[in-house]
Each structure stands twice: as structure tokens, then as C-alpha cells.
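**Student:** Dropping a structure here in C-alpha cells format, bear with me for questions.
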Amino acid sequence: MADLKGKVALVTGGGTGIGKGIAERFHSLGMHVALAGLDQARDAANQYHGRNMGGFTAAKSTAAGLGDRALAIEADVTDPAQVAAMTRATIDAFGRIDVLVNGAGVITAKPIEDVTEADWDSIMDVNAKGTFLTNQAVVAEMRRQGDGGRIINIASIAGKLGVPLLTHYCASKWAVIGFSISLSKEVAKEGITVNCLCPGIVGTQMWTLLSQTFAQPGESEADSYRRSVEAFTPQGVPQTEADMADMTVYLATAAHVTGQAFAVDGGASH
Ligand SMILES: NC(=O)c1ccc[n+]([C@@H]2O[C@H](COP(=O)([O-])OP(=O)(O)OC[C@H]3O[C@@H](n4cnc5c(N)ncnc54)[C@H](O)[C@@H]3O)[C@@H](O)[C@H]2O)c1
């Protein structure tokens with residue numbers, strides 16, 4: 001497996017949850033890591049029940065905990081100017097970008113008749129358009145560098161399966177997978193690989209919202225979470241941030257694996 005020491009990664013959503021676990025693992029392997037996050041969302045269609053996401057504050061705290069070779073950047077992945085500034089800030093700090101992990105994502109869970117046009121637009125904006133904008137900006141840099149690169153877009157098992165109450169979220173994650181497979185073919189001859197990581201259930205703040213929404217009358221959030229894990233996961237246990245980091249490190253090093261969507265989900269999907 002190729003050595004990641006000294007290489008540069010940009011991780012969006014890098015201050016919290018799965019992105020944080022991946023950024024910390026990369027750093028522990030000797031990489032330089034730029035962690036992008038956003039404090040104030042454009043709207044409240046997300047897992048935070050409001051515009052205050054605290055993602056940049058979290059990225060600063062994670063970067064401070066890592067020390068040298070770590071940088072926090074504030075960027076909204078739905079805004080092309082901020083994506084361009086995020087890419088530039090990473091290169092200004094560390095000289096290049098070898099690996100992009102696109103982890104920024106939002107979710108809401110609602111019956112179809114309650115999904116508003118604004119809910120649809122917001123989820124598609126962050127999850128699908130954010131993937132397009134970050135990939136477009138970083139591919140341009142990788143092409144300029146001329147020696148390949150690794151892109152890992154975090155999709156979901158909701159990009160492989162249909163899930164009730166998640167029609168808009170599933171649509172956005174299927175979009176991420178279709179986009180990634182297409183881009184992988186476009187850049188394949190340049191040594192740039194593009195793959196998706198499809199987590200199953202990882203107990204991050206995203207699942208706090210889902211556990212509340214999926215709770216049956218009188219059921220606690222913890223019991224709701226356990227019921228979802230049992231219902232979705234043949235192994236009967238949730239996955240961890242470390243599981244996601246394991247697969248991401250593999251994809252960050254593998255030279256001849258591209259255009260794939262790898263589920264790390266305890267057997268939930270095919
Ligand atoms: N937790 C799970 O079980 C699970 C399962 C499948 C897929 N995922 C995916 O994994 C990724 C990480 O989720 P997580 O579970 O760690 O939750 P999380 O809420 O901790 O992470 C989401 C991150 O995205 C950032 N973000 C949101 N909107 C943004 C924007 N417009 N610009 C920049 N950053 C923005 C947030 O600040 C946060 O840091 C998401 O794409 C999510 O859809 C998670």
C-alpha cells in the first residue's frame with residue numbers, strides 16, 4: 001500500500017463525525033490535513049434543527065487538537081466562490097492536494113407529502129451540488145499538478161437502497177454515486193481515482209435527528225437508534241468512525257480501484 005506520509009488531504013465536514021474520524025486518521029499517518037466546515041447554514045433544512053451548524057467551530061477545535069499539519073477552513077460547499085477559496089487556502093498552506101474527502105452532508109426525514117421544495121433544494125444543494133463543486137475545483141488542481149489524485153465522496157447506503165421518509169436524501173446520495181462513477185471515467189487516464197464510501201449507521205449527530213424522527217410513541221432516542229440498527233444491519237451492530245477511516249485510507253492509497261461505491265454497513269446493502 002502506498003505511503004500517505006507527507007501527502008495533503010482536504011476533508012469537507014472534517015470537524016465532526018465521520019469526516020473528523022477520517023481527518024484524524026490521515027493526520028496520524030503523517031498527512032497534512034485541511035478540515036473544512038461551516039458554522040451558519042443558508043437555511044435550517046438539516047440535522048441541526050436550525051441554521052447554526054457549528055461546523056467551522058468544530059473544525060477549528062479538531063485542527064487545534066491535531067496541532068502541526070492541520071488547518072481549519074470555513075467554507076460553504078454550496079457556494080462556488082467559497083469552494084474556490086477553500087481549495088486555494090489548502091494549496092497556500094500545504095502546496096498541493098493529493099486527496100479529497102467530500103464529507104459535508106445534511107439530512108432531514110419526512111413523509112413525502114411534508115417534503116417541501118425548500119427541503120428538496122437544500123438537501124440536493126449540499127449533498128449533490130456540493131459534491132459537484134468540490135470535485136470540480138479539486139480535479140482542476142489535480143490536473144495542474146499532473147501526478148494523479150484520490151477523491152472519496154461520502155455517499156450512503158441511502159445511495160444504494162430506498163429508505164422510507166428519506167426520498168430527498170436518497171435522491172441526493174444516488175446522485176453522488178452517479179456523479180462519481182461518471183467522473184471516474186473522465187479522469188481515469190490521468191491517474192485520478194474517484195470512489196464513494198457508503199456508510200451504513202454510524203452514531204454521529206446526524207443519527208440523533210434520525211433517531212428522534214424514527215422514534216415510536218413513548219420510545220426513547222436511544223431505543224429508537226437501537227431498533228434502527230437492528231432493522232437495517234444484518235450484523236446487528238452500528239459501524240464506527242474508525243471503520244469509515246479504514247476504507248477511506250484504502251481508497252486514498254489504491255491506484256487501480258476507481259468508479260466504485262463501497263458500503264461499510266454490516267451487510268445492509270449489496
Ligand atoms: N452517520 C451515518 O450513519 C451516515 C450514514 C450514511 C452517510 N453518512 C454521510 O456521512 C457524511 C458525514 O456525516 P456525519 O454522520 O459525520 O454527520 P455530521 O453532521 O457530523 O457531518 C456533516 C458535516 O457536514 C458539514 N456541512 C453541512 N453542510 C455544509 C455546507 N453547506 N458546507 C460545508 N460543510 C457542511 C457539517 O458542518 C458537518 O461537519 C454525510 O455526507 C452523511 O450524509 C452518514
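**Student:** Residues in region 168-178 that are touching a helix residue (DSSP H, G or I) at 6+ places or on another chain (Cβ under 6 Å) and closer than 20 Å to T193 by Cβ: how many?
**Tutor:** Matching residues across region 168-178 total 4.
**Student:** Could you please tell me which pairs satisfy a Cβ distance under 9 Å, a separation of 6+ or placement on different chains, a first residue in region 184-198 that is in contact (Cβ under 8 Å) with a residue 60 or more places away in the chain, and a second residue that is assigned to a helix (DSSP H, G or I) and among the aromatic types (F, W, Y)?
**Tutor:** Pairs found: V194/F179.
**Student:** Would you pick out the residues in region 45-55 that are crowded, with 16+ Cβ neighbours inside 10 Å and assigned to a loop (DSSP other than H, G, I, E, B)?
**Tutor:** Of everything in region 45-55, those that are crowded, with 16+ Cβ neighbours inside 10 Å and assigned to a loop (DSSP other than H, G, I, E, B) turn out to be A45, N46, Q47, Y48, M53, G54.
**Student:** Here's another thing I want to ask about it. Considering only region 123-130, I want to know if a residue exists there that is more than 14 Å from the ligand (Cβ to nearest atom) and more than 21 Å from G21 (Cα to Cα).
**Tutor:** no
**Student:** Also, I was wondering about something else. Taking the stated definitions as given, is T16 within 14 Å of the ligand (Cβ to nearest atom), touching an Asp or Glu at 6+ places or on another chain (Cβ under 8 Å), of a type in the set (V, I, T) and within 30 Å of F214 (Cβ to Cβ)?
**Tutor:** no
**Student:** Take the conditions surrounded by 19 or more Cβ atoms within 10 Å (Cβ to Cβ), modelled with pLDDT of 95 or more, farther than 17 Å from L251 by Cα and away from the ligand (no atom under 13 Å from the Cβ) and apply them to V138. Does it pass?
**Tutor:** In short, no.
**Student:** Please indicate, with yes or no, whether at least one residue in region 126-133 is over 27 Å from S211 (Cα atoms) and assigned to a loop (DSSP other than H, G, I, E, B).
**Tutor:** no
**Student:** Any idea how many residues of region 201-240 are touching a residue at least 12 places away in the same chain (Cβ under 8 Å) and either in a helix (DSSP H, G or I) or within 17 Å of the chain's Cα centre (by Cα) (or both)?
**Tutor:** The number of residues fulfilling the criteria is 23.
**Student:** Which of (1) assigned to a helix (DSSP H, G or I); (2) under 16 Å from I107 (Cβ atoms) is the odd one out, the single condition S184 does not satisfy?
**Tutor:** If we test S184 against (1) assigned to a helix (DSSP H, G or I); (2) under 16 Å from I107 (Cβ atoms), just (2) comes out false.
**Student:** Can you tell me which of (1) surrounded by fewer than 17 Cβ atoms within 10 Å (Cβ to Cβ); (2) more than 13 Å from the ligand (Cβ to nearest atom) is the one D98 doesn't meet?
**Tutor:** So D98 meets the others, but not (1).
**Student:** Based on this model, can you work out whether T108 counts as within 29 Å of T167 (Cα to Cα), within 15 Å of the ligand (Cβ to nearest atom), touching a residue at least 60 places away in the same chain (Cβ under 8 Å) and of a type in the set (S, T, N, Q)?
**Tutor:** Spelling it out, T108 is indeed within 29 Å of T167 (Cα to Cα), within 15 Å of the ligand (Cβ to nearest atom), touching a residue at least 60 places away in the same chain (Cβ under 8 Å) and of a type in the set (S, T, N, Q).
**Student:** Answer with yes or no whether A59 is part of a loop (DSSP other than H, G, I, E, B), surrounded by 16 or more Cβ atoms within 10 Å (Cβ to Cβ) and within 13 Å of the ligand (Cβ to nearest atom).
**Tutor:** In short, no.
**Student:** OK, next. Quickly run through region 159-179 and pick out the residues that are over 13 Å from the mean Cα position of the chain (by Cα) and within 14 Å of the ligand (Cβ to nearest atom).
**Tutor:** K160, L161, V163, L166, H168, Y169, C170, A171, W174, A175, F179
**Student:** Can I ask one more? Among the residues of region 21-38, count how many are within 8 Å of the ligand (Cβ to nearest atom) and assigned to a loop (DSSP other than H, G, I, E, B).
**Tutor:** Looking only at that region, the number is 1.
The values are calculated or read from the model by the stated rules, or taken from the named source; none is laboratory data. Remember, it's a predicted structure, so these values are computed and weren't measured experimentally. Reconstructed Cβ throughout: ideal geometry from the backbone, glycine too, with neighbour counts over all protein chains shown.
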